[in-house]
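K.L.:
I have a structure here, written as structure tokens, and I will follow up with some questions on it.
The values are calculated or read from the model by the stated rules, or taken from the named source; none is laboratory data. These figures come from a predicted structure and were not determined experimentally. Positions of Cβ are generated from backbone atoms using ideal geometry, with glycine treated the same way; all protein chains shown enter the neighbour counts.
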Amino acid sequence: MTEHNQYDENQEGTAHHQAPANDLSTFCEIAVASGNTGNVGETNLTWLALDLIEEQVGFNLRDYERPDTVKHIERLALAWERSEQFQPIEVQVVDGHCYVRDGHCRLRAARLAASRGAPIKRLPVIELKGNDQLACVRILTSNEQLKLSIIQRAHGYQRLRDFNWPDEQIASHIGMTDTHVRETLRLLLLPESIQALLEKGIIKPFLALDLWRKYGGASEQIILDAYEVRKREQAELLAKAANAGDEPLATPVQKVDQAQPAPIPEPEIRLTSRHISAPTKRIGKKLITNMTSTMTGISKLMRESAIIDANNGTISVQIPIEEYERFMSISSEVSKHRHDEPAGKPDSENDQQVLGLAS
């Protein structure tokens, strides 16, 4: 990226030791003082040349290699070439650099369109006032066209936590609940392989977290095994369709452009609780015998010692300590073999409210 913090260098009549700009007005004055009055224009908005606006490394939460991001920027570039109008890009001037804070994709698309010959010289900008913390909040709340993924949002929340923001403050600024913030941040504890599946929308956040809570590190292999099974199932379905002579499904773009057909997209794979095979332990004959014996003994003691209190709707029983301890021991052993469902309902309303709002 070209450095623009020294526009006054070697210019006659301009101080050589002028402090770097930290607001848009001063930044524009220095840009004009460089001798090229075409760098800056102003109507009701400020207009800046494309090369004056920079991206701060690591600030944007997006992954520009993601297919949906690449497609989004391409769509915006085509819109620029058609001279469509966009919202001004929000910028913040820091130490003589004019950084984009909202509109990274619009800026990249404008540069792409300009490289193809579109007559784009300058872009309208407005200044974002405030510190780096508020700039981080802005990127979390401003993705109006291409939404951030759940993992990208989690990194944004973590950035605010690093500024010592409590979860309640983060939630207040982004219009979510503090529970949503905490649960989203927990996604960063998951293995990278599972985070990658979350990014692709293959598994829902609440299901991944539920499995992580129940099985810890073993949940990674449980999820990956289920994913491999689903991929094989999809491959078998495609093979059957091909053998039956069915034409592969085509996207609208493929149907229109028959001269250069786009590659057939991979079938979407979704993992729900019914696809997850949770580990279970086989109950042995010894445990079954102990369970039967213990329950029979407890039932006999309850029948013999039960005192009914009809007024309070309760029953009092007397059980010897050794029988009680035996019952609790058997109960603990049985709980180890219990097969819990990974996540009650695949699309639990409450879980969706907590984590699904950002997906």
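K.L.:
Pairs under 7 Å by beta carbon, first residue surrounded by 15 or more Cβ atoms within 10 Å (Cβ to Cβ) in the range 159-171, partner assigned to a loop (DSSP other than H, G, I, E, B), six or more apart or different chains?
P.N.:
Going by the 7 Å Cβ cut-off, the qualifying pairs are Ala171/Thr177.
K.L.:
Looking only at the range 53-82, count every residue that is without any contact (Cβ under 8 Å) to a residue 24 or more places away in the chain and not in a helix (DSSP H, G or I) and tell me the total.
P.N.:
4
K.L.:
A follow-up question, please. Please go through the range 170-188 and pick out each residue that is in a helix (DSSP H, G or I), in contact with a helix residue (DSSP H, G or I) (Cβ under 8 Å, 6 or more places away or on another chain) and either of a type outside the set (A, V, I, L, M) or closer than 20 Å to Gly103 by Cβ (or both).
P.N.:
The answer is His173, Ile174, Asp178, Thr179, His180, Arg182, Glu183, Thr184, Arg186.
K.L.:
Sticking with this structure for a sec: Can we say Glu268 is farther than 22 Å from Ala154 by Cβ, modelled with pLDDT of 75 or more and part of a loop (DSSP other than H, G, I, E, B)?
P.N.:
Here the answer is yes, as Glu268 does meet what is asked.
K.L.:
Quick one: what pairs do we get from the range 12-25, first residue over 11 Å from Cys98 (Cα atoms) and modelled with pLDDT under 50, second surrounded by 13 or more Cβ atoms within 10 Å (Cβ to Cβ) and among the hydrophobic types (A, V, I, L, M, F, W, C), C-beta under 6 Å, 6+ apart or different chains?
P.N.:
Thr14/Ala33
K.L.:
Any chance you could count how many residues in the range 49-60 are β-branched (Val, Ile, Thr) and either surrounded by 13 or more Cβ atoms within 10 Å (Cβ to Cβ) or on the phi > 0 side of the Ramachandran plot (or both)?
P.N.:
So the answer is 1.
K.L.:
Can you tell me which condition Asn60 does not meet? The list is (1) polar (S, T, N, Q); (2) over 29 Å from Gly201 (Cβ atoms); (3) at pLDDT below 80, and all the others hold.
P.N.:
It fails just one condition, (2).
K.L.:
Kindly indicate whether Asp63 is among the acidic types (Asp, Glu) and crowded, with 16+ Cβ neighbours inside 10 Å.
P.N.:
When the stated conditions are applied, Asp63 does not pass them.
K.L.:
Separate question: Can Arg106 be described as closer than 26 Å to Val70 by Cβ, of a type in the set (Lys, Arg), crowded, with 16+ Cβ neighbours inside 10 Å and free of Cβ contacts under 8 Å to residues at least 40 places away in the same chain?
P.N.:
Answer is yes for this residue.
K.L.:
Follow-up question, since we're still on this one. Do the conditions hold for Phe86, that is, is it farther than 24 Å from Ile151 by Cα and assigned by TED's automatic domain parsing to the domain that holds Ser115?
P.N.:
Spelling it out, Phe86 is indeed farther than 24 Å from Ile151 by Cα and assigned by TED's automatic domain parsing to the domain that holds Ser115.
K.L.:
Sticking with this structure for a sec: Taking only the range 164-183 into account, find how many residues are closer than 30 Å to Leu224 by Cβ and in contact with a Phe, Trp or Tyr (Cβ under 6 Å, 6 or more places away or on another chain).
P.N.:
Total satisfying the criteria: 1.
K.L.:
Determine the pairs where a residue that is farther than 15 Å from Val100 by Cα and at pLDDT below 75, located within the range 131-150, has a partner that is surrounded by 17 or more Cβ atoms within 10 Å (Cβ to Cβ) and among the hydroxyl-bearing types (Ser, Thr, Tyr) with Cβ atoms under 9 Å apart, the partner being 6 or more residues away or on another chain.
P.N.:
Here the result reads Leu146/Thr69, each pair linking the range 131-150 to a residue that is surrounded by 17 or more Cβ atoms within 10 Å (Cβ to Cβ) and among the hydroxyl-bearing types (Ser, Thr, Tyr).
K.L.:
Here's a follow-up. Of all residues being surrounded by 14 or more Cβ atoms within 10 Å (Cβ to Cβ) and over 16 Å from Pro124 (Cα atoms) in the range 33-48, which is modelled with the highest pLDDT? Just the residue, please.
P.N.:
Among them, the one singled out is Ala33.
K.L.:
Over 25 Å from Gly201 (Cα atoms) and out of contact with any helix residue (DSSP H, G or I) (no Cβ under 7 Å at 6 or more places or on another chain): does that describe Glu55?
P.N.:
No: the conditions fail for Glu55.
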